[in-house]
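Asks: I have a structure here, written as structure tokens, and I will follow up with some questions on it.
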């Protein structure tokens with residue numbers, strides 16, 4: 001199946017075989033959030049250390065398919081050192097990449113078959129997805145989109161908790 005060859009590109013396999021930021025952080029002070037996909041059994045645990053509105057450290061634990069685990073690895077490298085707002089923007093961009101392609105597979109919303117230009121418009125002029133671009137082929141297999149976005153949805157929960165904690169902190 002040639003479609004599967006595109007799906008499991010070398011970057012995805014590299015992140016699956018040698019995941020980045022694998023492990024745990026002491027919780028607390030780190031925020032610990034769990035994500036689970038009951039349809040396929042993928043599990044993700046995200047540990048976030050957020051201070052001064054910046055993701056100081058992130059660790060990923062869990063088990064699942066190569067798509068869910070490599071997406072979590074790529075996500076962790078992409079968000080480490082970023083502000084909460086930058087993480088939210090990156091998350092929106094990643095999900096937009098997934099949904100634009102999903103729409104283009106149905107023949108909607110993307111004219112002339114120029115999917116990459118549509119992605120760039122959704123991402124904004126300065127935002128690049130880097131290794132996350134390797135997951136572009138996942139949308140050819142709609143059931144796998146949830147695998148790719150599981151870690152991002154889990155991260156969003158953690159970022160929401162971190163933002164709440166930052167608002168609750170007393171100011172000097």
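Asks: Using the beta-carbon distance between residue 160 and residue 24 and R0 = 22 Å, what value does 1/(1 + (r/R0)^6) give for FRET efficiency, to the nearest 0.05? Mind showing how you got there, number by number?
Replies: Numbers: r = 20 Å, r/R0 = 0.93.
Computed FRET efficiency for residue 160 and residue 24: 0.60.
Asks: Grab the Cα-Cα distance for residue 36 and residue 89, subtract it from 0.36 nm times how many residues apart they are, and report the gain in nm with one decimal.
Replies: Working: separation 53, 0.36 × 53 = 19.08 nm, distance 2.30 nm.
Length difference between fully extended and current span is 16.8 nm.
Asks: On to the next question. Tell me the label-point distance for the pair residue 17, residue 56, using the 7 Å Cα-to-Cβ offset, in nm and rounded to one decimal.
Replies: A separation of 3.5 nm, rounded to one decimal place.
Asks: How much length is gained on full extension from residue 167 to residue 127, taking 0.36 nm per residue of separation minus their Cα-Cα distance? Please list the in-between numbers first.
Replies: Working: separation 40, 0.36 × 40 = 14.40 nm, distance 2.69 nm.
This chain segment gains 11.7 nm when fully extended.
Asks: Further question: Calculated FRET efficiency, residue 77 and residue 143, Cβ-Cβ r, R0 30 Å, to nearest 0.05?
Replies: Details: r = 26 Å, r/R0 = 0.86.
Calculated transfer efficiency: 0.70.
Asks: To make sure I understand, if each residue's beta carbon is the centre and we count other beta carbons within 10 Å, what order do 154, 77 fall in, fewest to most? Kindly include the intermediate steps, with their values, before the conclusion.
Replies: Details: 154 23, 77 16.
Ordered from fewest to most neighbouring Cβ atoms within 10 Å, 154, 77 come out as 77, 154.
Asks: May I ask you to order 38-49, 61-72 by the average number of other C-beta atoms within 10 Å around their residues, highest value first?
Replies: Values: 38-49: 18.4, 61-72: 22.7.
Sorting 38-49, 61-72 by mean packing, highest first, produces 61-72, 38-49.
Bear in mind that the values in this text are calculations on the coordinates, not laboratory data. On a predicted model such as this, the values are computed, not experimentally measured, just so you know. As a convention, Cβ positions derive from the backbone with ideal geometry for all residues, glycine included, and neighbour counts pool all protein chains shown.
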